[in-house]
1. What are the ³J(HN,Hα) values, in whole Hz, obtained from phi via the Karplus relation 6.51 cos²θ - 1.76 cosθ + 1.60 with θ = phi - 60°, for each residue of segment 67-79 in sequence order, with x given for Gly and Pro?
2. For the chain, give the magnitude of the charge dipole about the Cα centre (Cβ charges: +1 Lys/Arg, -1 Asp/Glu; no others), in debye to the nearest 20.
3. Report the full-extension gain for the segment residue 27 to residue 482: residue separation times 0.36 nm, less the Cα-Cα distance, to one decimal in nm.
4. For the chain, find the longest principal axis of its Cα atoms and tell me its angle to the long axis of helix 238-251, 0 to 90°, nearest 10.
5. From the C-alpha coordinates alone, can you work out the Kirkwood hydrodynamic radius of the chain, in Å?
6. Which of the GluC sites (Glu not before Pro) found in segment 378-455 are in a DSSP loop and have at most 12 neighbouring Cβ atoms, other than their own, within 10 Å?
7. Of all alpha-carbon pairs in segment 290-366, indicate the percentage at a distance above 17 angstrom.
8. Please arrange 350, 153 by accessible surface area, largest first, computed with a 1.4 Å probe and ligands excluded.
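The values are calculated or read from the model by the stated rules, or taken from the named source; none is laboratory data. No experiment lies behind these values; they were computed from the predicted model shown. Glycine also receives a Cβ, built like all others from the backbone with ideal geometry; neighbour counts cover every protein chain displayed. Accessible surface is based on the protein model in full, side chains and every heavy atom, while ligands, DNA and RNA are left aside. Shrake-Rupley method; radii C 1.70, N 1.55, O 1.52, S 1.80 Å.
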Amino acid sequence: MESFTCWWKESVIYQIYPRSFKDGNGDGIGDIPGIIDSIPYLSWLGVGAIWLSPIYRSPMYDFGYDISDYRKIDPIFGSIDDVDRLVKVAHEHGIALLFDMVLNHTSIEHPWFKESSSSLDNPKRNFYIWREHIGTWYPNNWYAAFGGRAWSLDASGGYYYLHSFLKEQPDLNWRDEQMVQSLFSDMAFWFDKGIDGFRLDVINLIMKDESLRNNPIGWGGRPRPYDLQRHLYDRNQVESHHALKKFRSWVDTYDEKMLVGEILVEKPGEPEMAASYLGNGTDELHLAFDFTFTWLPWSAKKWQRAALRWYRAVPQDGWPCWVLSNHDVKRAFSRYGEHEGRAMVAACFLLTQRGTPFIYYGEEKGLPDRSVAKSEIQDPLGIRYWPFHKGRDGARRPMIWDTTYQWGFSPTKAWLPPYERTVRPNENLLHGYRNLIRLRNTDAILRIGAICWIELTHTRSVLAYVRYGEVGFRLILLNFSKRTVACRSADLKRYVPNGEFSILFSEPNYESGHLDMSNKTIQLKPYQAIIASADTIFHGTPRQ
Ligand code: TEU
Ligand code: CA
């Protein structure tokens, strides 16, 4: 077995939405001091890295995904000294720190945009994408993901600028080398401060077709204008790959820094697109998000098929990553029917795959998705599309810490309503997550061993696979159904050594403490998740 130690391949990464995590100064909004106070919790949980959604200076039209200064921290979140402290405390606890970088667009309040719009011959004119306002036509037929056309007029009315999201988020022009270099030096600023890497927002959108051709008509599954065209020319340009290759060689001049990219796809469930941004596995992004598991229905077979497809898509020298939830999608716990057993199975799946697992804050406590009342909506997407799209606030509710006022999030009225008192953080799930993370952290086979899927002949509701290396096997059995299921030992024995497997993890409890393959069947309780181990030598590798 490979025996690399590489933090971003072997750590569990935890995403924090800073506004909603922990309020340190008592103004009702989460902040960096709050995150610092939570480091002991994250360390107890066993996470090896945290990713913070943007905390830079921003007018907050899109809650920080509209940056007006890449080197400054927004006063809402704290100060640069707080960042220094966070880096120190996190690193002392063996936790790496990832910032979010929004490189497709800035805020309209960024000085670059102000300069760029000030005159045609301003040196920063080409930092953005401008087209003259001629007649009644827009420069092309592109729409913005957050509503309306992708083009808005400058103050004079003479020129349009391009924006893929809100009109307050003008798109940067990645064809301008000076602009790109300026972004790199802003990122260098954070590398020098000890930030270990970046999550890159919508990184497959950075390059646009040079002549801004019209997108053809298409159907993206939702009836908003943006989804009624195929995004042939406003994303996934071959030049994006060229740009990322340069980006990666620059990042590689540093030690152990990492880039994980968000890849927007037109058709969900096509992981090949995300995988293409890994380049040859070592020359573009380190990791790319495939969002298939953020919408996939509850089905063992569908999960297996999706996983196989993702593994196949990732290049030989690349590395997969796994994500069930984030700040843009409905929380996994609610998608799975707010059922503890299912959430435990999902956790066991997430934490036993080959590849880096991402956990969204609160996922470990079974926090549900709760959209807010219309009058309380904060997300610009919800304000625009309610009730058709209630926005993303449901996934961004303040974290539950304890049973005090507002669940210990803040002593002051929180920026988004906290969970109702009927919601209960799930202690059993939390301990399940912790045990799984800790098991993974101490078990090289679970972190970097190969994976082989097992075909069970008499059931379609159990996922079975082995992770293996030279020194042993881990057998994972996940019962997706509410019924007791019998797995035939004969099926398993075709892939794994005969004999006894000791149980490393089981929820619910597996009484005998080991799996005995000499029995004809292995009985799984409803929603049982098991990791079992055999250290015996198996001649040959498991059959795929
Ligand atoms: O998200 C990209 C994005 O467009 C979606 O995830 C979006 O939320 C979804 O299409 C809703 O239907 C990234 C960030 O993760 C998101 O929070 C930002 O709002 C967006 O970019 C713009 O920066
Ligand atoms: Ca605060």
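1. The phi angles translate into 8, 9, 7, 6, 9, 10, 8, 5, x, 4, 8, x, 10 Hz.
2. The calculation lands at about 2100 debye.
3. 159.4 nm is the gain from fully extending residue 27 to residue 482.
4. 80
5. 24.5
6. 420, 455
7. Every Cα pair in segment 290-366 considered, those over 17 Å come to 41 percent.
8. From most exposed to least exposed: 153, 350.
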